[in-house]
Amino acid sequence: MRALLALTLFLTAVMPAAANPVRKDMPQADKTVEAAVETLLRRMTLEEKVGQLHFPSLAFPHAPQIEAVRRGEIGAMLNVVDPKFIRPFAEAARRSRLGIPMLFAIDAIYALKITFPPPLAWAATWRPELAERASYEVAREARAVGVNWTFAPMVDVSRDPRWGRVIEGAGEDAFLGSAFAAARVAGYRRGGLATSVKHFVGYGAPEGGRDYTGTEISTPELMDRYLPPFKAALKAGSETVMASFNTINGVPVTMNRTLVTDLLKKRLGFDGFVTSDFVAIGELVNHGVARDLEEASVLAFRAGIDFDMASGGYDLYLAKAVRDGRIKIADVDEAVRRVLRVKFRLGLFQQTAADFEALPRTVDETEVRQSARSVAQESFVLLKNDTATLPITPATRSIALIGATADSAQHDHSWWGPAGHTKPKTETLRQALEARARLGQKINYAPAFADACGREFSDKAAAIEAAKRSDVVIYNVIEDCDIQGEGVSRTKLELSGRQQELLDELAETGKPIVLVVETGRPLVLTKADKQVSTILIAWHPGTEGRAALAEVLLGDVSPSGKLPMTFPRSEGQIPIAYNALPTGRPWTGSRYTTGYVDEAHTPLYPFGHGLSYTTFAYDALVLSEPKMTIKGAIDVDVTVRNTGSRTGSEVVQLYTRQLVASRSRPVKELRAFEKMTLKPGEVRTLRFRLNAQDLGFHDDAGRYVVEAAPFKVFAGGSSETAVATDFLVTRD
Ligand code: NOJ
């Protein structure tokens, strides 16, 4: 609470009391749009204004709802993805007194028809441009059926894989998360959707990893760890922001004026609209901060929540609250202004009846599939590959392919899976391998399980037999789709169902085992790690994913993904991330230094880790200067060579540490990265610019400070970097 108080004091001190300041780094208001908004606003009744500020929890394209739209009392709808239902709503809106067009919202995140791997996998590519493309393709598919508003991207930074929603974000790092936040916003927008960056803010740090629980976040942590991806998304033009379900330091975000109005709208200059999360306004009663929905609605509105997602509170009570003086009409006008601004910016006022009649439009599936294939290929992370078991070579004559997942097309998607109606054709891993095993290997397939999620055995003995008969075992395991995503927190992160039990027996055959893991979060693979020679994290690879997997397993493509989240050794290590603060007693292994008595100090696999079929070496770093002023910059040259015998891609990662500071600083912070492809023997030097102004942090009062201090810069192919050198930041 003290931290939030400090932030409040700071925001009050630096903010002009009235209008939003103009921030040059944020998208600027368009004069024509502003004039059109004002003209429209002047003509609206109070009921029409309220109509723009909510949608119902369920869309029923039947007479009463259509009539309400025609009266101008509902300005948006949720989860209507069928043009035959979108059309009557759109038509009713066109026939309403002012003809204000509707927003059609859905969680178009990584799947409409074709399923992409989930956003955590996008981050594992370390190529934001692939995420831009993927978002664009999903948006195109959504826009083609008439949807125009997506509840994405989720940019919550999280260091806790017990929380099921890590699948929707970019992992544990604010810098990587910011790059992907910006790319995703750009992609969805290019595809024609308004975005809703979510969940503002701190939702990714729930206590104990339990979804919806409260978070305790200090001001510096809020500003340095959780806020940057939101800033990046706003800068990229996100039209809307979704407030999060959680409390921060005891105050639910849904009624948190300091965060929603003072920080987001005033300090960050956000001029789109803020929506609550689903029925979150009503949940203020459960939080114990409002007596009933009416009071909750007034609290939320006063905090700056412009739009009520499905609680019904604004629809029922907002006009009344204006009439009895609890809410000012000027504040309602401001909320409506924000919504209309978005509708104008999206070009919705230009739509004609013919546009809706033309729905659904055709989207070229080939392009979408190509994009889904490349994201999948580049997202796979090779955690280990002892004795070079992968790629499969001609020397391998037979492969035991084990696991019902390996012949299932149903589990090609995970949570937030296809929102469309038709199921696209999807190859299973078995089909993909059989079609591509040009080297003539025999594939001995044994499902072992009765279901694709490995819950119950069908014929375990046949699987063991298949392993014994084969040169190599590919065991395809999956994190059960029902135990990930929203509302699905786990305390145990080992392989679900009976999959570990089978692995124990497969390991006894002594055959080299390739464990292909489909998951939406880091798992605890410590036992499996000792039993297998190779682990490939395939995330949930999507419609094109099994084809991409076959290409990687057979060596047509070398893996190049890197972990966007740390893989812990055990659940007891969580939360765990690479960018922890140092302690007064760094770990040495002896008592009275930090660490555990019953667990190693290090994670199983660190942030940024991922192998290739080739190897890379790093030369000593070369700086353009050994020092810079706090306004200056230096260049860091990183030379990398491919020391193996295959072409491969490496994600070169640059980290810094401020060695002495006015508060403890993380042991490493990611500052730059670039993925590049090198042929065998090829050497390349990448130049990264470090600006001193980017090396600062926030103090307790929320002020950004850059200090003159000694720093270290590190580079390598993971957060356990290969090379390092020192530099100084000086006052002048
Ligand atoms: C609740 C989730 O928290 C949010 O991310 C999602 O966009 C809404 N439901 C709407 O589906």
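The values are calculated or read from the model by the stated rules, or taken from the named source; none is laboratory data. Keep in mind that what you see is a predicted model, and the values were worked out from it rather than measured. With ideal geometry, Cβ positions are generated from the backbone for all residues, glycine too; neighbour counts draw on all protein chains shown. Heavy atoms of the whole protein, side chains included, go into the accessibility calculation; ligands, DNA and RNA do not. Shrake-Rupley method; radii C 1.70, N 1.55, O 1.52, S 1.80 Å.
Rounded to the nearest 0.05, what FRET efficiency is calculated for residue 387 and residue 571 with R0 set to 30 Å and r the Cβ-Cβ distance? Don't skip to the answer; put the middle values down first.
Numbers: r = 30 Å, r/R0 = 1.00.
After rounding, the FRET efficiency stands at 0.50.
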Mean separation of Cα contacts under 8 Å, 6 or more apart, over the residue count of region 616-730: relative contact order %
34
Would you work out which of 552, 500, 587 lies farthest towards the positive end of the dipole of region 495-607, given +1 charges on the beta-carbon of Lys and Arg and -1 on that of Asp and Glu, about the Cα centre?
587
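About the Cα centre of region 616-730, how large is the charge dipole given +1 on each Lys and Arg Cβ and -1 on each Asp and Glu Cβ? Please answer in debye to the nearest 20.
Details: 16 positive and 14 negative charges, 30 e Å.
Using only the charged Cβ atoms, the result is roughly 140 debye.
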Listed by chain and number, the residues whose amide H is under 5 Å from that of residue 199, excluding neighbours fewer than 5 places away on the same chain and using placed H, are 155, 156
Once the Cα atoms of helix 128-145 and of the chain are each reduced to a long axis, what angle between those two axes, in degrees from 0 to 90 to the nearest 10, is obtained?
50
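Please report the carbon-and-sulfur percent of the accessible area for the chain; probe 1.4 Å, protein heavy atoms only, DNA, RNA and ligands left out. Let's see the in-between values first.
On the way: 14060 of 27000 Å².
Result for the chain: 52 percent of the exposed heavy-atom area is carbon or sulfur.
Might you tell me the accessible area per residue for region 368-573, computed with a 1.4 Å probe and given in Å²? Walk me through the numbers on the way to the answer.
On the way: 6730 Å² over 206 residues.
Per-residue accessible area for region 368-573 comes out at 33 Å².
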Could you derive backbone 3J(HN,Hα) for region 384-391 from the dihedral phi with the Karplus parameters 6.51, -1.76 and 1.60 (θ = phi - 60°), listing whole Hz in sequence and x where the residue is Gly or Pro?
8, 7, 5, 6, 6, 4, 9, x
Pulled fully out, how much extra length does the chain show between residue 79 and residue 531, if you take 0.36 nm times their separation in residues and subtract their Cα-Cα distance?
158.2 nm
Can you report the principal axis dimensions of region 616-687 using only the alpha carbons, biggest first, rounded to whole angstrom?
47, 23, 17
Accessible area of residue 107 in the full protein assembly, 1.4 Å probe (Å², nearest 10)
20
Simple label model, 7 Å out from Cα along Cβ direction - residue 435 to residue 71, nm:
5.4
Can you tell me which of 533-544, 345-356 comes out highest on packing, and rank the rest after it, using the mean Cβ neighbours within 10 Å?
533-544, 345-356
Where labels lie 7 Å past Cα in the beta-carbon direction, separation of residue 456 and residue 720 in nm
4.2
Charge dipole (debye, nearest 20) of region 138-286; +1 at Cβ of Lys and Arg, -1 at Cβ of Asp and Glu:
540
What are the ³J(HN,Hα) values, in whole Hz, obtained from phi via the Karplus relation 6.51 cos²θ - 1.76 cosθ + 1.60 with θ = phi - 60°, for each residue of region 539-548 in sequence order, with x given for Gly and Pro?
6, 10, x, x, 4, 9, x, 6, 5, 4
Could you report the accessible area of residue 87 in Å², rounded to 10, computed with a 1.4 Å probe on the protein chains as they sit in the structure?
80
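State to the nearest 20 debye the size of the charge dipole of the chain about its Cα centre, where the only charges are +1 on K and R beta carbons and -1 on D and E beta carbons. Before the final figure, lay out each step's value.
Numbers: 89 positive and 88 negative charges, 280 e Å.
Magnitude of the dipole: close to 1340 debye.
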Can you return the lysines within cross-link range of residue 235? Criterion is Cα-Cα under 20 Å, with same-chain partners fewer than 8 residues away left out.
24, 31, 198, 265, 266, 343
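What length, rounded to one decimal in nm, is gained on full extension from residue 320 through to residue 361, with 0.36 nm per residue of separation minus their alpha-carbon distance?
On the way: separation 41, 0.36 × 41 = 14.76 nm, distance 4.21 nm.
Here the segment from residue 320 to residue 361 would lengthen by 10.5 nm.
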Quickly work out the residue 622-to-residue 580 label distance, labels modelled 7 Å from Cα along the C-beta direction, and quote it in nm with one decimal.
3.7
Could you sort the peptides 398-409, 608-619, 148-159, 62-73 by per-residue average Cβ neighbour count (10 Å cutoff), highest mean leading?
148-159, 398-409, 608-619, 62-73
DSSP beta bridges in the chain [antiparallel fraction, %, rounded to 5]:
55
Heavy-atom accessible area of residue 299, protein chains in place, probe 1.4 angstrom, given in Å² to nearest 10, is 50
Output wanted: per-residue J couplings in Hz (rounded whole) for region 289-306, from phi through Karplus 6.51 cos²θ - 1.76 cosθ + 1.60, θ = phi - 60°, x for Gly and Pro.
10, 9, 6, 7, 4, 5, 5, 4, 5, 5, 4, 5, 5, 5, 6, x, 6, 6
Pairwise FRET efficiency - residue 491 versus residue 333, Cβ, R0 = 45 Å, nearest 0.05:
0.40
Which of 719, 690, 617, positive extreme of dipole for region 616-730 (C-beta unit charges)
617
Count the lysine pairs in region 616-730 whose Cα atoms lie under 24 Å apart, taking only pairs 8 or more positions apart in sequence or on different chains.
6
Set Lys and Arg Cβ to +1 and Asp and Glu Cβ to -1, take the dipole of the chain about its Cα centre, and tell me which of 304, 98, 424 lies farthest positive.
98
Helix 313-323 versus the longest principal axis of the chain: what angle, 0 to 90°, nearest 10, using Cα atoms?
30
For q values of 0.07 Å⁻¹, compute log₁₀ I(q)/I(0) with the Debye formula on a Cα-only model of the chain, without solvent.
-0.51
If amide H atoms are built 1.01 Å from N in the plane of the peptide, which residues on other chains or at least 5 residues away come under 5 Å of the amide H of residue 621?
724
Could you calculate the contour length gain from residue 594 to residue 395, that is, 0.36 nm times the residue separation minus the distance between their Cα atoms, to one decimal place in nm?
66.9 nm
Normalised by the residues of the chain, what does the relative contact order come to in percent, with Cα pairs under 8 Å and at least six apart?
14
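With a 1.4 Å probe and all protein chains kept in place, how do 211, 700, 504, 598 rank by accessible area, largest first? Let's see the in-between values first.
Numbers: 211 20, 700 90, 504 45, 598 130 Å².
Heavy-atom accessible area, descending, gives 598, 700, 504, 211.
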Quick check: the angle from helix 365-379's long axis to the longest principal axis of the chain, C-alpha only, nearest 10 degrees?
60
